[in-house]
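Only one structure is covered here, and it is reproduced in the block below.
The values are calculated or read from the model by the stated rules, or taken from the named source; none is laboratory data. The structure presented is a predicted model; accordingly, all values stated were derived computationally and were not measured. Counting neighbours? That spans all protein chains shown, and the Cβs are built from the backbone with ideal geometry, glycine included. All accessible areas refer to the heavy atoms of the entire protein, side chains included, with ligands and DNA or RNA removed. Shrake-Rupley method; radii C 1.70, N 1.55, O 1.52, S 1.80 Å.
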Amino acid sequence: MPRRRKIAILIGSRGRGSNMAALAKACASGDLPAEVVAVVAPSPDLPAVEAAKGLGLQVVALSSATEDYPNQLLKALQVREAEFICLAGYLRLLPAEVLQTFPNRILNIHPSLLPKFGGQGMYGLRVHEAVLAAGEKVSGCTVHLVSERYDEGQVLLQMTCPVEPGDSKESLAARVLALEHVAYPKALKALMQKDGPQ
């Protein structure tokens, strides 16, 4: 039986934590041979933090506004022996120290088919609004490796869904989010298998 790999999930201040929960539930069910060793949040009083606690996950609150944030983040990940890092609603560029310490082991999920509708400032409903404004017939989500630029890392997995006539940004967001919850654990599992047994 393969060893369970250790993952840390970095969340932001805006999301509800549904992708974090999808990853945690995939670990708990055995679909993903991993365990969540920490959820790193920018503040202790967020809806996603409550969701993490409800799932029995350890939360580490680290303010990204502090000067020593890169070192604090790296230390929090290393102390817990994290092997893979998943961003879930984390909207900042990661510190260079973290990128260098975890090469090809940091993933993000984006609610469009990259390279379309990505980049700085493109998150949440803004993405779906742009997809609708462009008249796209298909949308979906992308799981990709994280690099030093927004949404430009290597694509690991994409899943698609139709853009329906009469879609609002909210209805499209709901359809894409359902795909995200399938795609993220699937992409992480494939990356772990490619990485080989440790």
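Points worth noting:
- Here the spin labels are modelled as points 7 Å beyond Cα on the Cα-Cβ line, and at Ala134 and Ala61 they lie 3.8 nm apart.
- Computed label-point distance, nm, for sites Gln120 and Lys25 using a 7 Å Cα→Cβ extension: 3.5 nm
- Length gained when the stretch Val79-Arg4 is fully extended (0.36 nm per residue, less Cα-Cα span): 25.3 nm
- Qualifying trypsin sites (Lys or Arg not before Pro) in the range 50-81, where qualification requires a DSSP coil assignment and no more than 14 other C-beta atoms within 10 Å, are lacking entirely.
- Label point distance in nm, Arg16-Arg175, each placed 7 Å from Cα along Cα→Cβ: 1.9 nm
- Listed residues Asp45, Asp167, Asp68 arranged by accessible area, highest first, probe 1.4 Å: Asp45, Asp68, Asp167
- Part-to-part distance (alpha-carbon centres) for the range 1-80 and the range 99-157, which is given in Å: 20 Å
- One quarter of the convex hull surface built on the alpha carbon atoms of the chain amounts to 10.7 nm², the projected area averaged over directions.
- Among the trypsin sites (Lys or Arg not before Pro) in the range 111-198, those placed in a DSSP loop whose Cβ has at most 12 other Cβ atoms within 10 Å are Lys137, Arg149.
- Lysine pairs in the range 91-198 whose alpha-carbon atoms fall under 17 angstrom of each other, counting only those eight or more residues apart or on distinct chains, come to 4.
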